[in-house]
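Engineer: What follows is a single structure, and I will ask about it in a moment.
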Amino acid sequence: MLPDHLHAMLDEARRLRQRFARTAPQQWTVTTAATELSVQVGHLALCMLRGRGHDVSDMEDPERPITNLGDELADVVLAALSIAVLANTVPTPLATPAATPHDADDAFLRLLVAAGELSEAALVEHGYRHRPTGTPRPLADAVTNVIAACDTLATRLGIDLDDEFDAMVVSADAFLDDRLPGGDGVS
C-alpha cells in the first residue's frame, strides 16, 4: 500500500530539494540523502521510545526537541523521496504486497530493514559499496518499499501520513522562507 498522493509527495520532494540545496554548505548526493534517511529514522525512533515512556534524556538535545511522531515519519518519507529525486528515479509500485506486521513495533522494524535496504541500494548504484550477491532490490523499488513501510507504520500508529506530509511541507517552506534571500528562494 502506498499513500494516496505519492506523486504529489514526489513533486513536493523535488521542489523542497531545490530549495534546501541553497541552504546546504555542500551539494547533496544520493549518498548524502541516504545518510539523511538514517538521521530521520533515528528521530522517529526517539519519538517512539518517548511515546512508550522511556527516558530518552541521554539521547536528546533539550534545545532541539524532537517530539512530533507524525512529523518525523513524514521526514522519513521526504528523506526516501530525496534519494529518488537525487538519483533521478521514480518510485515504482510494489510487485508483491509486504507482509502485514502484528503491531507498531513490527512495522517499525520493517521500516528499519527497508531503510537499510534503500541506503545500500543507493550506495551500490553510485559506486560507494560493492554489489551484494543475490538479487538486491533496484533503487526505485527500494524507495517504494520505504514509503510503503512508512504508510504501514502510520496506519498502525493511527497517523494520517498524507496529512502529516502536507504539514511537514508547510513547515519546511516556512523554515526555508526564513533562510533564503527573498523568502521564496529566488534571489
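The values are calculated or read from the model by the stated rules, or taken from the named source; none is laboratory data. Keep in mind it's a predicted model, so treat the numbers as computed, not measured. Please note: Cβ atoms are built from the backbone with ideal geometry, for glycine as well, and neighbour counts cover all protein chains shown. For accessibility, only protein heavy atoms count, side chains too; no ligands or nucleic acids. Shrake-Rupley method; radii C 1.70, N 1.55, O 1.52, S 1.80 Å.
Engineer: How many residues, within the range 22-53, are more than 16 Å from D75 (Cα to Cα) and free of Cβ contacts under 8 Å to residues at least 12 places away in the same chain?
Structural biologist: 7
Engineer: Hey, another quick one. Among the residues of the range 141-167, write down those that are surrounded by fewer than 17 Cβ atoms within 10 Å (Cβ to Cβ) and in a loop (DSSP other than H, G, I, E, B).
Structural biologist: Across the range 141-167, the qualifying residues are G158, D160.
Engineer: Checking the condition surrounded by 21 or more Cβ atoms within 10 Å (Cβ to Cβ) and at pLDDT below 95, which residue from P91, P65 passes? Working first, answer last.
Structural biologist: Working: P65 fails: surrounded by 21 or more Cβ atoms within 10 Å (Cβ to Cβ).
Of P91, P65, the one residue that is surrounded by 21 or more Cβ atoms within 10 Å (Cβ to Cβ) and at pLDDT below 95 is P91.
Engineer: Anything in the range 53-62 that is surrounded by 10 or more Cβ atoms within 10 Å (Cβ to Cβ) and modelled with pLDDT of 90 or more? List them, or say none. Can you show your working first?
Structural biologist: Kept after step one, since they are surrounded by 10 or more Cβ atoms within 10 Å (Cβ to Cβ), are these residues of the range 53-62: 54, 56, 59-60.
If the condition is that a residue be surrounded by 10 or more Cβ atoms within 10 Å (Cβ to Cβ) and modelled with pLDDT of 90 or more, then H54, V56, M59 are the ones that fit.
Engineer: Can you give me the number of residues within the range 1-27 that are within 15 Å of the chain's Cα centre (by Cα), outside any helix (DSSP H, G or I) and under 26 Å from T67 (Cβ atoms)?
Structural biologist: Residues that pass the stated criteria total 1.
Engineer: I'd like the full set of residues that are assigned to a loop (DSSP other than H, G, I, E, B) and open to solvent by less than 60 Å² (accessible area, probe 1.4 Å), limited to the range 68-88. Steps first, answer last, please.
Structural biologist: Taking the range 68-88 first, the residues assigned to a loop (DSSP other than H, G, I, E, B) are 68, 87-88.
Once the filter is applied, which keeps residues that are assigned to a loop (DSSP other than H, G, I, E, B) and open to solvent by less than 60 Å² (accessible area, probe 1.4 Å), the range 68-88 yields only A87.
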